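Okay, so here's the structure we're looking at.
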There are 2 protein chains.
Amino acid sequence: MTNGDEPKDKRLKAGDAQKLTMAEVAKYVGVSAMTVSRAFRQDASVSEETRKRIMEAVDALGYVLDLSAGSLSSRRSGFIAALVPSINNSNFSDTARGITDALENTGLQLLLGYTDYSAEKEEKLIEAMLRRRPEGIILTGGSHTDRARRMLDKAGIPVVETWEIPEEPINHVVGFSNGEAMSLLVRTLASQGYRRFGYIGGTTARDTRGSQRRSGFLKTVEELGLGPGRAISFGVPPITMEQGGQAVVSLLERWPDTEVVLCVSDLSAFGAIMECKRRGMSVPGDIAIAGFGDYEISSICHPSITTINVDCYGIGRQAAARLLDALQGSGEATGDEITLTGYRVVLRESTDRGGAA
Amino acid sequence: MTNGDEPKDKRLKAGDAQKLTMAEVAKYVGVSAMTVSRAFRQDASVSEETRKRIMEAVDALGYVLDLSAGSLSSRRSGFIAALVPSINNSNFSDTARGITDALENTGLQLLLGYTDYSAEKEEKLIEAMLRRRPEGIILTGGSHTDRARRMLDKAGIPVVETWEIPEEPINHVVGFSNGEAMSLLVRTLASQGYRRFGYIGGTTARDTRGSQRRSGFLKTVEELGLGPGRAISFGVPPITMEQGGQAVVSLLERWPDTEVVLCVSDLSAFGAIMECKRRGMSVPGDIAIAGFGDYEISSICHPSITTINVDCYGIGRQAAARLLDALQGSGEATGDEITLTGYRVVLRESTDRGGAA
DNA sequence: GGGCAGAATGATATCGATAACACTAGGGAG
DNA sequence: CTCCCTAGTGTTATCGATATCATTCTGCCC
């Protein structure tokens, strides 16, 4: 056992006896590594017989393809990067799922990052992603740091900005105007007779979609001649349910005769409604409340919540589809496009004029 | 323009003039590529002066490190893989965030996949992940296909299973007993005088945590001598708010005198409560309802929802920490460990015996 | 029967970084 | 004054797959 002729295998850590390469599979089968490589792709010309033998060997040996080596020589990483502000309890998780689903069976893998609504963090993440040489990248929103824009330009890969219509798009866009969507909600409710509008949102600095919704609100209230809008800023985005509750209290303290409160998201609207009920107010009897995003909670909640339905999942799918187009047809007809996604007002109990809760 | 001596640059796609390598940065600065490589790492010995010049050049040229090349030669991919059942509206998004946060500043990047509660999909994802040669992998739950287990064994990387206590752990575990947690909730409510218990969950086949909660419920109700538990299965996991509402209706049709209904998650509990209110029943006056998971919604909802608080975020952080430990101290003291995470009953209005809504 | 197309496979260079070792210059210890 | 050590840097081989070109073999056509 302790013969002097033992090889010095000190480098081998416990249990890493598995550095199995394509070459060893090849040797085992009696073909060249190149043939094994071909067998892993469906288009390559390998005889059915050989492919079968190779795949049996792969199974027997437990070989797993090493894409990091492959992507180096093929110069295709097989990655798509996507950055979303947050993944918790938000519309963006649906978008992420849409991207994931659209990427299925394309051989592309999603690299997901959370920017936490910060352009600086986004910049860092963009750099981290680009180090993996993704073949395309999907961003949320249109405001990026200068350095981020420069890196993206240099990268020479298709970029899709989502969830907004940036003033200066980098490349492709899949989104909608948050301001106009909110404006539509204001007009719809105004046409039902509501006059004294309040608004609840986060502090605007970081969440550009939130601030677009707010501006859309303020502008439209003004245009309709309904006096200055009553807007409350509460907490850093994403504003929580609890903050929605706190905000509605502040708002009603300051402007007690408010008739309807629009919220930057359904979550804050839900928090506001629950807080009102807790304080014995009836929704929509004493106060009407609406949200944004059409989360599941809004159709289930009692009272159900009026909101704007946005095709979150579709944004993800379409963004990914745009990217795949750009990757396939690269070379021609890759004109940067803006894909507008739909939204619609969903009227529910929480703003029902005849209603009581 | 159409001279015969034009180089045939058909291979060059529009805008990929950016194949900048470390060697070119090196030439630009007048050092070797190796020195540039060193400059990118903090520990390497490069003079401050040289590093500064290199970084300026990197900035000027817009060079971005290529990790896929680096990981091939260093044999460290810099990836950690994590698989969760779903990311939408679920506790797992918090776990994913915990992992992400724990990985910050470690130079490791998260590869996230969604198994959709399917062991087959998990198997496929495990293979896809292993092709990227992750340095460790975090799974949800303890049931995997045989092939998945074999691949994980062969991979020779640390594995952390989370959210449960598997009977046969692969390696490390960070989780808790879902059955015991549910049992605790039953006992707590029984001690408050509740006798006729109902249960709402999804069809059990795929969601092992869900079925553990169900068994915990049934077993404990039995043990307490409270007759056979009244359990409803409704829909494939993850059960939605809406399904929670439908399920509570079925349950009450079948067993109208049920006093308290425990739900597999807070989301279904919320749906159940809202449906009850919609039908004019008072919660907890006419029926008490409890959930599992302590989602934000449960503390905000009116009535607030009794539930089991689970440290979702902490599970993610600890799983990642366990992995980092295993990667650092690789070679010694890597005994597989089971890390138990805490849970506690949170009593709220929805099961308040004196209460009305 | 010669030649040629096409399928199947192999040999070699290469992708872009890093590991491992070699080397140089300068400074402190003896 | 020599030796040795260390910090800083360069050289070369290498990671494991794939692009590319070369090669072999078969069969078919004129």
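The values are calculated or read from the model by the stated rules, or taken from the named source; none is laboratory data. Just so we're clear, the structure is a prediction, and the values are computed from it rather than from any experiment. With ideal geometry, Cβ positions are generated from the backbone for all residues, glycine too; neighbour counts draw on all protein chains shown. These accessible areas exclude ligands, DNA and RNA; they are computed on the full protein's heavy atoms, side chains included. Shrake-Rupley method; radii C 1.70, N 1.55, O 1.52, S 1.80 Å.
Side notes on the structure shown:
- Length, then width, then depth: along the principal axes, the Cα atoms of the protein assembly as shown run 79, 72, 54 Å.
- Nm distances between copies for B:E253, ranked from closest, using label points 7 Å along Cα→Cβ: 4.8
- Mean separation of Cα contacts under 8 Å (6+ apart) over length of segment A:22-65, as relative contact order %: 40 percent
- Over 31 Å between alpha carbons, listed pairs B:K121/B:K154; A:K154/A:K219; A:K27/B:K19; A:K121/B:K154: A:K154/A:K219; A:K27/B:K19; A:K121/B:K154
- Angle between chain A longest axis and helix A:146-155 axis [Cα atoms, degrees, rounded to 10]: 40 degrees
- Accessible surface of A:W255 - all protein chains present, 1.4 Å probe, nearest 10 Å²: 50 Å²
- Cα pair distances exceeding 28 angstrom across chain A, given as percent: 55 percent
- Take every Cα pair under 8 Å whose residues are at least 6 apart in sequence, average their separation, divide by the length of segment B:126-274, and the relative contact order is 20 percent.
- Close amide-amide hydrogen proximity is noted between A:A231 and A:Y199, each under 5 Å apart and 5 or more residues distant or on a separate chain (H modeled in the peptide plane; Pro and chain starts excluded).
- With Cα atoms, 0 to 90° folded angle of helix A:48-61 axis to chain A main axis: 80 degrees
- Principal axis extents of the Cα atoms in segment B:68-135, from largest to smallest and rounded to whole angstrom, are 38, 28, 12.
- Choice from B:S68, B:S268, B:S177 showing the highest fluctuation, given a GNM over chain B with Cα pairs closer than 10 Å: B:S68
- Local net charge near A:L125, Cβ-Cβ under 13 Å (Lys/Arg +1, Asp/Glu -1): -1
- Cα point-scatterer Debye curve for segment B:220-357, base-10 log of I(q)/I(0) at q = 0.16, 0.19, 0.21 Å⁻¹: -0.83, -1.06, -1.23
- HN-Hα J in Hz across segment A:255-262 - Karplus 6.51, -1.76, 1.60, θ = phi - 60°, x for Gly and Pro: 10, x, 8, 4, 9, 9, 10, 9
- With its label point defined 7 Å out from Cα along the Cα-to-Cβ axis, A:D336 lies at 5.3 nm from the matching points of the other copies, in increasing order.
- Amide H contacts of A:A290 (H built 1.01 Å from N, in plane; Pro and chain starts excluded): A:V261, A:L262, A:C263 sit under 5 Å, all sequence-distant by 5 or more or on other chains.
- Segment B:272-353: trypsin sites (Lys or Arg not before Pro) in DSSP coil with no more than 10 other Cβ atoms inside 10 Å: none
- Averaged over B:260-273, number of beta-carbon atoms from partner chains that fall within 10 Å: 1
- Within 10 Å of each Cβ in B:197-208, the average number of Cβ atoms from other chains: 0
- Its Cα gyration tensor gives segment B:22-65 an equivalent ellipsoid; the semi-axes, largest first and in whole Å, are 14, 10, 10.
- Within chain B, longest stretch free of exposed GluC sites (Glu not before Pro) [DSSP loop, at most 16 other beta carbons within 10 Å]: B:168-331
- Evaluating 6.51 cos²θ - 1.76 cosθ + 1.60 at θ = phi - 60° for every residue in segment B:207-223, the Karplus couplings come out as 8, 5, 5, x, 6, 5, 5, 4, 5, x, 4, 4, 4, 6, 4, 4, 4 Hz, glycine and proline recorded as x.
- Burial ranking of peptide ranges B:228-239, A:207-218 (average Cβ count within 10 Å, highest at the top): A:207-218, B:228-239
- Here A:K124 is the anchor, and the aspartates and glutamates within straight C-alpha reach of less than 16 Å, apart from those fewer than 8 places off in the same chain, are A:D116, A:D146, A:D153, B:D59, B:D66, B:D101, B:E104.
- Note, ³J(HN,Hα) from phi for segment B:319-325, Karplus 6.51, -1.76, 1.60, rounded to Hz, x at Gly and Pro: 4, 5, 4, 4, 5, 4, 3
- Averaging 1/r over every pair of different alpha carbons in segment A:168-249 and inverting the result gives a Kirkwood radius of 13.6 Å.
- Label point 7 Å beyond Cα along the C-beta direction, distances from B:T50 to other copies (nm, shortest first): 4.7
- Relative contact order (%) - chain B, alpha-carbon pairs under 8 angstrom, separation at least six: 15 percent
- Adding -39500 (n - 2.57) for every DSSP H run of four residues or longer, then dividing by how many residues chain A holds, sets the calculated 222 nm ellipticity at -13000 deg cm²/dmol.
- Peptide A:61-72 shows a mean partner chain C-beta count of 6 within 10 Å per residue C-beta.
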